Amino acid sequence: MKRTTEELIQSDLQHVWHPCSQMKDYELLKPAVIERGQGVWLYDRDGKAYLDIVSSWWCNLLGHCNPGISKAIQQQLDQLEHVIFANFTHEPAITLCEQLLKILPAGLTRFNFSDNGSAAVECALKMSFQYQNQTGHPEKTRFFCLSDGYHGETIGALSVGTMDLYAKLYQPMLMDTIRIEAPDCYRCPYGQNRDTCQTPCFEKAEQAFAQYASQCCAMIVEPLLQGSAGMRIYPAQYLQKLRKLCDQYDVLLIADEIATGFGRTGKMFAFDHAGVSPDIMCLSKGLTGGYLPMAITVTTEQVYDAFYADYNEGKAFLHSHTYSGNPLGCAAALAVQAQLQDGTILQQAAKRAAYLTQRLQEALGQHPHIGEIRHIGLIHAMELVVDRETKEGYDSSLRMGYQIYNKALEKGLLLRPLGNVLYFNPPLIINEQEIDQAVAWCKEAVEEVLGN
Ligand SMILES: *Cc1c(COP(=O)(O)O)cnc(C)c1O
């Protein structure tokens, strides 16, 4: 017998501990029971539609129930669902490496598979530490990271993450990392503009490197876009300078492209805007189109070679995850690559991005409580402020973003905020009509909470 939606919700509330949620909130705002998805839309059991403007936490790249991806997974499922990846291999993983090699920044040639973004970051941290250890620098044991960075939830990833909201409580459990004040282009302390500046804020990195680089094995960054911090966008020049600085001090540069990879910023990878390569890159989220949990940590021949030796030298990277190289994930990722290959989707997305910028500006650009509408690729963020002049944000206890989220959800827009920042990060295949709908609902929700 089919259970009612109400019965399912009651059972959910009794058993499920949802991610990143105060469960008490669910007493007022019940979870939506989603039954199916199609393109940018999700449908609940009662047939209500939700426009997934956040790509289900940034991972859905090419729409829900994308026929090409579904078919690839089904075909793989009939062949091989999983196999141990030590000493065993399979064609989907091999082909995937070959395909990614064609689109990755130059020099990234060695692929280490895992199953989620945080795991890819952990892998990158251990890899850099061990690289330095095995190339004559055992004293390089610490990490540089940017303030307000986010790299995942495991203990290593949290250690290089610097958002108090997620990391502060756990401080006694975390590694002692070196935090460099990140660019803050909306509230730039140097009074500059991100489109024209010469990144004077980079002096913070120079100072930190001068003092601590001899102790540090690597620097990790979210390139161009600090996602969880509120879609904070900074200039590509910062990455170019960072590349030089890392070379100068023998510090590896780790790019966390988990959120920015695969066209999200308008180019295939955020590092492509800078025209330089990192030493290690972490990929997940859009990698499988948001279908299956998979991640890859990619590195250079130089890093790889530091681990390559006779077994008894003890230099191997003894790091593993049970689901490394899962064939279903590889099949999904290959299907994503097949669809991105001819560039049409990225070209379309660039047009839609310009359209979205224009529509959001028209709808909310003059709103007294929207301080800035910033964008990179299809990602657009709106910063809620008490006052546009002072740029003062709302007190977090007011939960302004969350209130707007509630209103938007009633209408059918999944506008999950980041504190005082509302954002759109839709699947790349969103069309103009869907953009119009999302902007209209967003405007209504904002005005219901903040007036007009
Ligand atoms: C989501 C995210 C992660 C963590 O990935 P999970 O799969 O959630 O562990 C790490 N870094 C960035 C930049 C992310 O956006």
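The values are calculated or read from the model by the stated rules, or taken from the named source; none is laboratory data. Just so it is clear, the structure is predicted and the values come from calculations on it, not from any experiment. All Cβ positions, even for glycine, are placed from backbone atoms using ideal geometry, and neighbour counts span all protein chains on display. Ligands, DNA and RNA are stripped out before the accessible areas are found, and what is left, the full protein with its side chains, is counted by its heavy atoms. Shrake-Rupley method; radii C 1.70, N 1.55, O 1.52, S 1.80 Å.
When the range 291-310 is limited to residues that are away from the ligand (no atom under 15 Å from the Cβ) and more than 17 Å from Asp279 (Cβ to Cβ), the one that is surrounded by the fewest Cβ atoms within 10 Å (Cβ to Cβ) turns out to be Asp310. Considering the range 32-56, and only residues there that are more than 14 Å from Gly412 (Cβ to Cβ) and touching a helix residue (DSSP H, G or I) at 6+ places or on another chain (Cβ under 6 Å), the residue that is modelled with the lowest pLDDT turns out to be Arg45. Regarding the range 191-201, can at least one residue be identified that is among the small types (Gly, Ala, Ser) and not in a loop (DSSP other than H, G, I, E, B)? Checking the range 191-201: not a single residue is among the small types (Gly, Ala, Ser) and not in a loop (DSSP other than H, G, I, E, B).
For Arg179, the criteria (1) modelled with pLDDT under 95; (2) over 19 Å from the mean Cα position of the chain (by Cα) hold in every case but one, which is (1).
As a summary of the residue check, Ile9 satisfies the conditions (1) outside the structural domain of Pro426 (by TED's automatic domain parsing); (2) without any contact (Cβ under 8 Å) to a residue 12 or more places away in the chain; (3) not hydroxyl-bearing (Ser, Thr, Tyr) except for the one numbered (2). When Gly152, Gly156 are checked against the criterion of being assigned to a helix (DSSP H, G or I) and either within 12 Å of the ligand (Cβ to nearest atom) or small (Gly, Ala, Ser) (or both), Gly156 stands alone in meeting it.
Residue by residue through the range 336-367, note down the ones that are in a loop (DSSP other than H, G, I, E, B) and open to solvent by 60 Å² or more (accessible area, probe 1.4 Å). Gln341, Asp342, Gln366 - these are the residues of the range 336-367 that are in a loop (DSSP other than H, G, I, E, B) and open to solvent by 60 Å² or more (accessible area, probe 1.4 Å).
Listed by first and then second residue, the pairs with beta-carbon distance under 9 Å, at least 6 apart or on different chains, first residue in the range 227-240 and more than 13 Å from Thr162 (Cβ to Cβ), second of a type in the set (Lys, Arg) and away from the ligand (no atom under 11 Å from the Cβ), are Met231/Arg374; Ile233/Arg194; Ile233/Arg374; Tyr234/Arg194; Pro235/Arg194.
Determine which member of the set Thr95, Thr154 is touching a residue at least 60 places away in the same chain (Cβ under 8 Å) and either out of contact with any Phe, Trp or Tyr (no Cβ under 7 Å at 6 or more places or on another chain) or of a type outside the set (Gly, Ala, Ser) (or both). Step through it out loud before you land on a result.
On the way: Thr154 fails: touching a residue at least 60 places away in the same chain (Cβ under 8 Å).
Step by step, each of Thr95, Thr154 is checked, and only Thr95 is touching a residue at least 60 places away in the same chain (Cβ under 8 Å) and either out of contact with any Phe, Trp or Tyr (no Cβ under 7 Å at 6 or more places or on another chain) or of a type outside the set (Gly, Ala, Ser) (or both).
Does the range 151-164 hold any residues that are among the hydrophobic types (A, V, I, L, M, F, W, C) and over 17 Å from the mean Cα position of the chain (by Cα), and which are they? Ile155 - this is the single residue of the range 151-164 that is among the hydrophobic types (A, V, I, L, M, F, W, C) and over 17 Å from the mean Cα position of the chain (by Cα).
With respect to Leu253, is the statement that it is outside the structural domain of Ile429 (by TED's automatic domain parsing), surrounded by 24 or more Cβ atoms within 10 Å (Cβ to Cβ), over 15 Å from the mean Cα position of the chain (by Cα) and modelled with pLDDT of 95 or more true? Taking the combined requirement at face value, the residue satisfies it. Of everything in the range 256-287 that is of a type in the set (D, E, K, R) and away from the ligand (no atom under 13 Å from the Cβ), the residue that is most open to solvent (accessible area, probe 1.4 Å) is Lys267.
When each of Cys188, Cys216 is tested for being more than 22 Å from the chain's Cα centre (by Cα) and crowded, with 17+ Cβ neighbours inside 10 Å, the lone residue that passes is Cys216.
Exactly one residue out of Ala210, Ala229 is over 30 Å from Gln38 (Cβ atoms), within 16 Å of the ligand (Cβ to nearest atom), open to solvent by 10 Å² or more (accessible area, probe 1.4 Å) and at pLDDT 95 or above: that is Ala229. Examine the range 108-129 for a residue that is within 24 Å of Asp272 (Cα to Cα), assigned to a loop (DSSP other than H, G, I, E, B) and over 18 Å from the mean Cα position of the chain (by Cα), and state whether such a residue exists. Checking the range 108-129: at least one residue is within 24 Å of Asp272 (Cα to Cα), assigned to a loop (DSSP other than H, G, I, E, B) and over 18 Å from the mean Cα position of the chain (by Cα). Would it be correct to say that Glu313 is of a type in the set (Asp, Glu), surrounded by fewer than 24 Cβ atoms within 10 Å (Cβ to Cβ) and out of contact with any Lys or Arg (no Cβ under 6 Å at 6 or more places or on another chain)? It is true that Glu313 is of a type in the set (Asp, Glu), surrounded by fewer than 24 Cβ atoms within 10 Å (Cβ to Cβ) and out of contact with any Lys or Arg (no Cβ under 6 Å at 6 or more places or on another chain).
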